[in-house]
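The values are calculated or read from the model by the stated rules, or taken from the named source; none is laboratory data. The shown structure was predicted, so the numbers you read here are calculated from the model rather than taken from an experiment. Here the Cβ is made from the backbone with ideal geometry for all residues, glycine too, and neighbour counts use every protein chain on show. When the accessible area is computed, the model is the full protein with side chains, heavy atoms only, and any ligands, DNA or RNA have been set aside. Shrake-Rupley method; radii C 1.70, N 1.55, O 1.52, S 1.80 Å.
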Amino acid sequence: MPITAPTALPTVRHSSAFRGRLGQDPHSGHYAVPHRYRLHLSTADPDGLRLAIGHSLLGLDASCPVTLLPAVPDAPDGSHTALRPLYEASAHRYSGPAPAPVLSDAWSGRIVSTHAPDILRDLDLFPRAGGDPLRPCGWESTVDAVERLCAEGIEQAAQRAGRADEDPAGRAAALEVLLDTLSRLERWLTEEEYLAGGRLTAADIDLWVSLVQLDTVHRCHLDASAVHRITGLTALWSYARRLAAHPAFGTHLDLDGIARRHHGHCQGLEAAGAAVQILDWAAHADRRNEGVSPRDTP
């Protein structure tokens, strides 16, 4: 069953001030060596959560340290004041916002990238003692398709379906895209344990974080009937529970931070779906401390 992105919604563009890449060639300027780079992120932000999970799966604690930032940015423009010096050092007279996530270069004191998908790809280049690659050879196109599917078919569609300033026809069309995307993933996960190559990859990171956002943020702006339909996708949510029990996933789940971040900038209207929680994320994430194997989690 091929995974393709929906065509009913425009392509998501990641707006990033810096788009440097790591390379395996030392002459590229940014080559992947241990102890040179640092990640700055907030796990309450979906991009930061994706990077934190990927970083853990790859076992990069020693070679690429992480600075955790507050769940709610402390500047009015959505910036983190702690990142302002990095931005100002990286661009002459920089006056824009200073958002996370950031991959910084300790050798130069400057930013390499603020583009989360690129950063996640580049983490695969770091030398490490263990940890399978997040983009296994031969599965790159599937991983890329899932990334786009989650961005457009789940997160963007769910956001439009619950927006107060969207016309009823637009909300209905976006909800249809969301339900169709989730149903396709439900069929896929009925037959497969993971999305690509029979093991955890960046595709699973993308989908799991999108499901967390769907239940903790976007659900609050959907009607109860839509949420009940989404809840009925049993294979999809069983998959989400299994991954929540995995240490690399559940350990980074900051439910309080996600809620505070959401309420800090949300402009939507609360709908009846807010009362219909799909998963008890905290309970399933806590099972990581009880010796429960991700494969054995119901």
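Dipole of the chain computed with +1 at Lys/Arg Cβ and -1 at Asp/Glu Cβ about the Cα centre; of 211, 189, 101, farthest Cα towards the positive end is 101.
Fully extending the segment from residue 62 to residue 137 would add 24.5 nm, taking 0.36 nm per residue of separation and subtracting the current Cα-Cα distance. Taking a ≥ b ≥ c as the square roots of the eigenvalues of the Cα gyration tensor, an a/c ratio of 1.5 or more together with a/b no larger than b/c marks the range 77-226 as oblate. The H on the amide N of residue 112, modeled in the peptide plane, is under 5 Å from the matching H of 103, 104, 105, each at least 5 residues off or on a different chain.
Could you work out the local net charge near residue 71, counting Lys and Arg as +1, Asp and Glu as -1, over the other residues with Cβ closer than 15 Å to its Cβ? Spell out each step's value before the answer.
On the way: positive: 260, 261; negative: 45, 47, 74, 254, 256.
Charge balance near residue 71 sits at -3.
If you compute Cα extents along the principal axes in Å for the structure shown, which of (i) 54, 41, 38; (ii) 55, 44, 43; (iii) 53, 48, 39 do you land on? Answer label, from the structure shown: (i).
Computed from the C-beta positions of residue 251 and residue 199, the FRET efficiency with R₀ = 25 Å rounds to 0.85.
In a simple Cβ point-charge model (Lys, Arg +1; Asp, Glu -1; nothing else charged), the range 37-124 has a dipole of about 160 debye relative to its Cα centre. By DSSP, the beta bridges lying fully in the chain are antiparallel in about 70 percent of cases. Remark: accessible surface ordering of 166, 193 (largest first) is 193, 166, probe radius 1.4 Å. For the range 37-124, just say rounded, prolate or oblate: build the C-alpha gyration tensor, square-root its eigenvalues into a ≥ b ≥ c, call rounded for a/c under 1.5, and beyond that prolate if a/b exceeds b/c, oblate if not. Because a/c hits 1.5 or more and a/b fails to exceed b/c, the range 37-124 counts as oblate. Close amide H contacts of residue 223 (hydrogens built in the peptide plane, cut-off under 5 Å, sequence separation of 5 or more or a different chain): 273. Between the beta carbons of residue 223 and residue 266, assuming R0 = 22 Å, the FRET efficiency works out to 0.85 to the nearest 0.05. Positive end of the dipole of the chain (Cβ unit charges, origin at the Cα centre): among 252, 31, 138, the Cα lying farthest that way belongs to 31. For residue 273, neighbours were defined as the other residues whose beta-carbon sits under 12 Å from its Cβ, and their charges (Lys and Arg +1, Asp and Glu -1) total -1.
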